[in-house]
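Written out below as structure tokens is the structure these notes cover.
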Amino acid sequence: MSNSLGAHAVVLGQIGRVHGLKGWLKLISFTSPLDSILDYSRLQVVIENKLQVLEIDEHRQLSKALLVHFKGFDDPELARKLTGLELSVERKDLPPLDTGEYYWHQLQGLKVINQHGELFGLVSKILETGANDVLVISANQESIDDRERLIPYLMESVIDGIDLETETIKVNWEADYLD
């Protein structure tokens, strides 16, 4: 096993604090919907620089989080060693998407270019706002300026196209638009 998650893993959540006396832990899921992380019974973590697989053997849903129990972590002291660790899966284990749909990890790091060929920078993260997602574009050395931009992820009206092969997102967005 490798000693890190590497480029082939996708983080799906993070282990929170211990809950109760039987090794249960709060699980902060980054999936949408929240409980989609439970579709993966075996999740990877790095413990003491070694990749290990954890298996969820029981779970309960709370309003904004999950409570989980990992097989073999039956007391609070043992479970506490997992607190703060990120849970991931191999990219190849993610379900396929329909044409025109993308996982967030596929968009991060892509170049963002407007209809005039101006490079705004790279997608550094994506914000979930409720109404629509927002791409956070961080300037790089090749950008037209050093501004950070927030661009709504609205297919066809703002996002003109995504090309994973050229690692580019084309946007209908002017350089002087205020964020």
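The values are calculated or read from the model by the stated rules, or taken from the named source; none is laboratory data. Given the structure is predicted, the values throughout are model-derived calculations rather than measurements. All Cβ positions, glycine included, derive from the backbone under ideal geometry; neighbour counts span all protein chains shown.
A few comments on the model shown:
- Qualifying residues in region 83-99 (those that are part of a loop (DSSP other than H, G, I, E, B) and closer than 13 Å to THR31 by Cβ) - the one nearest to the chain's Cα centre (by Cα): LEU94
- If you go through region 59-82 and keep only what is aliphatic (A, V, I, L, M) and part of a loop (DSSP other than H, G, I, E, B), you end up with LEU62, ALA65, LEU82.
- Region 148-165, residues that are touching a residue at least 12 places away in the same chain (Cβ under 8 Å) and in a loop (DSSP other than H, G, I, E, B): GLU148, TYR153, LEU154, SER157, VAL158, LEU164
- The set of residues from region 163-179 being under 23 Å from the mean Cα position of the chain (by Cα), of a type in the set (A, V, I, L, M, F, W, C) and at pLDDT below 95 comprises just one member, LEU164.
- Selection count, region 134-144, where residues are surrounded by 12 or more Cβ atoms within 10 Å (Cβ to Cβ) and either modelled with pLDDT under 90 or in a loop (DSSP other than H, G, I, E, B) (or both): 4
- Region 43-82, subset free of Cβ contacts under 8 Å to residues at least 24 places away in the same chain and at positive phi, residue surrounded by the most Cβ atoms within 10 Å (Cβ to Cβ): GLY72
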